[in-house]
Every structure is written in structure tokens, then in C-alpha cells.
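Comments concern the structure below.
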Amino acid sequence: MAKLKIKKGDLVQVITGAKQERGGDRGKQGKVLRVFPETNRVLVEGINRVTKHTKVGQSQRGTKTGGIETVEAPIHISNVAIVDPSTKKPTRVGYRLETVERDGRERVTRVRVAKSSGKDLA
């Protein structure tokens, strides 16, 4: 299983699929809600919305639940790209090694950076 470069909370943009004029999601941006590393998929807020039919039931208070609702479905990680914080355009992810001194010991940490601008990704 490869290490994924997209994490929960990242702002990503859909780079493939149908254009928005045709009802697709290409060009839309959203926040990553969840990452599924075993299937290489991500759940993005407001992207890949599908209608789901849920069985009608009753909650504890007696209110009706169920019916037709729209929920986000996972999208493959290769179809999204991280948004550069400075230009707000999609970019690739690189890494920079930094030495941080903690508790008197020097540690080498990897910091994610945007390839296009070199700015740090949160």
C-alpha cells in the first residue's frame, strides 16, 4: 500500500470527469472529509453527490426516518489534486526535510510543500 499525499482536511480540486456545464464535478473544490487508503479513495465535501434510498423507519422519539437523501460518495485519489494555498490552483505535492530540535535531540521531519509555489501545505 503506497503512502498517500492527500490528508484529511486538505483543500482539493477535481481534475478529471465531466465539466460543470454538463453536470459534472471537474473544477470544483472541496475539503477532504475522510481518506480510504486501502482503496485509494477520498471523500470530498460537496463532490460526487449520489442519491441514496434509505429504508423508512422510526427513531426513539417516533419521528420518521429514511426516504431519498443525497450523500457524498468516495472519489479516486488520482482524480483530485491539492490546491496551492497562494494561487488557489491545483498543484502536486513535494516534501522538504527539516531538522527540528526537540528535548535536546535533533529530529528530521518531512514537511509537505506545493510544487508550483514552494509554500508549505497545512
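The values are calculated or read from the model by the stated rules, or taken from the named source; none is laboratory data. These figures come from a predicted structure and were not determined experimentally. Positions of Cβ are backbone-derived with ideal geometry, glycine not excepted, and every protein chain shown enters the neighbour counts. The protein model used for the area step is the full one, side chains on, heavy atoms only, and it has no ligands, DNA or RNA in it. Shrake-Rupley method; radii C 1.70, N 1.55, O 1.52, S 1.80 Å.
Descriptive notes on the structure:
- Amide H contacts of V113 (H built 1.01 Å from N, under 5 Å, at least 5 apart or other chain): G94, Y95, R96, L121
- Given the chain, longest segment not containing exposed loop GluC sites (Glu not before Pro) (DSSP; at most 16 other Cβ within 10 Å): 46-122
- If the convex hull is drawn through the Cα atoms of segment 73-122, its volume per residue in Å³: 111
- Taking a straight Cα-Cα cut-off under 30 Å and skipping sequence neighbours fewer than 8 places away in the same chain, the lysines within cross-link reach of K7 are K19, K28, K31, K52, K88, K89, K115, K119.
- Accessible surface ranking that places the most exposed of D10, D103 first, with a 1.4 angstrom probe: D103, D10
- Per residue, the solvent-accessible area of the chain (1.4 Å probe, heavy atoms of protein chains only, all protein chains present) comes to 72 Å².
- Of all accessible heavy-atom area on segment 81-122, the percent that carbon and sulfur account for (1.4 Å): 48
- Accessible surface of segment 28-71, 1.4 Å probe: 47 percent of it comes from carbon and sulfur atoms.
- A compact globular protein would have a Cα radius of gyration near 2.2 N^0.38 Å; the ratio found for the chain is 1.40.
- Taking T91, T16, T99 in turn, the Gaussian network model of the chain (Cα-Cα springs below 10 Å) assigns the largest fluctuation to T99.
- Sparse-neighbourhood loop sites, trypsin sites (Lys or Arg not before Pro) in segment 25-110 - DSSP loop, at most 12 other Cβ within 10 angstrom: R61, K88, R92
- Listed residues L11, L33, L97, most fluctuating in the chain (Gaussian network, C-alpha, under 10 Å): L97
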